[in-house]
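Participant: Pasting a structure here, questions to come.
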Amino acid sequence: MNKNKILSGLLIFGLGIATFIIVAIGIQLVPLSFATAKANPEIAHMRVPVLIMAWFILACILAIVVLAVALFGRIIKNKVFEQKSVSLLKAMGISSLVPIPVLIALVFYTMNNVAGSITNLWAFFGIMVCMMASIFFFLISSLFQNAVDYKTENELTV
């Protein structure tokens, strides 16, 4: 078996574990939101909107994981430098940009309702992580696009 196939298989297994963790976090958010609302009745009205925002962010992360599994499947089949791989990487970049407006809305929402909330620190950290991930995915997609163009040009000359 090829070394890349073994490594890709391990990475897919790791992404499966990541998927399980993301879903478990999503499930645990409901009891956490109830406990937070019970402990802080003055912000209980924020429970549902913040819960929806958190689920949306987790859905975007889950979409990135699913796209990564599809990309690793292409790697296993030795179909790396094709336009579909570039499209998957661009979709991963877009999926990492989508949570940024939600995180910005979360910052403003908590600033207006809770004085000195640590949530804003985590939201700013999330914004930075999303921006860095999107830059990484778009950079890799650009490199893959150059490889696809080079491969196409090379096949046409042969």
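Participant: Could you tell me what a quarter of the Cα convex hull surface of segment 1-42 works out to, in nm² with one decimal place?
Facilitator: The orientation-averaged projected area of the Cα hull of segment 1-42 comes to 3.4 nm².
Participant: Same structure again: With +1 on the Cβ of every Lys and Arg and -1 on the Cβ of every Asp and Glu, and nothing else charged, how large is the dipole of the chain about its Cα centre, in debye rounded to the nearest 20?
Facilitator: With only Lys, Arg, Asp and Glu charged at Cβ, the dipole is about 380 debye.
Participant: Mind checking which aspartates and glutamates have their Cα closer than 19 Å to the Cα of K79? Skip sequence neighbours fewer than 8 apart in that chain.
Facilitator: Counting by Cα, and skipping residues close in sequence, K79 has these aspartates and glutamates nearby: D149, E153, E155.
Participant: Over the Cα atoms of the chain, how large are the radius of gyration and the largest Cα-Cα distance (Dmax), in Å?
Facilitator: Just the Cα atoms of the chain yield Rg and Dmax of 19.8, 72 Å.
Participant: For segment 3-157, with the dipole built from +1 on Lys and Arg beta-carbon atoms and -1 on Asp and Glu ones, taken about the Cα centre, which of N120, L71, I43 lies farthest toward the positive end?
Facilitator: L71
Participant: Right, here's the next one. Going by alpha carbons, how many degrees (0 to 90, nearest 10) lie between the helix axis of 47-76 and the longest principal axis of the chain?
Facilitator: Relative to the chain, helix 47-76 is tipped by roughly 10 degrees.
Participant: How far is helix 99-113 tilted, in degrees, relative to the longest principal axis of the Cα atoms in the chain, given as a value from 0 to 90 rounded to the nearest 10?
Facilitator: Here the helix axis deviates by roughly 10 degrees.
None of the figures in this text is laboratory data; all of them are computed from the coordinates on show. Please read all numbers here as calculations on a predicted model, not as lab measurements. Using ideal geometry, Cβ is built from the backbone for each residue, glycine included, and neighbour counts are taken over all protein chains shown.
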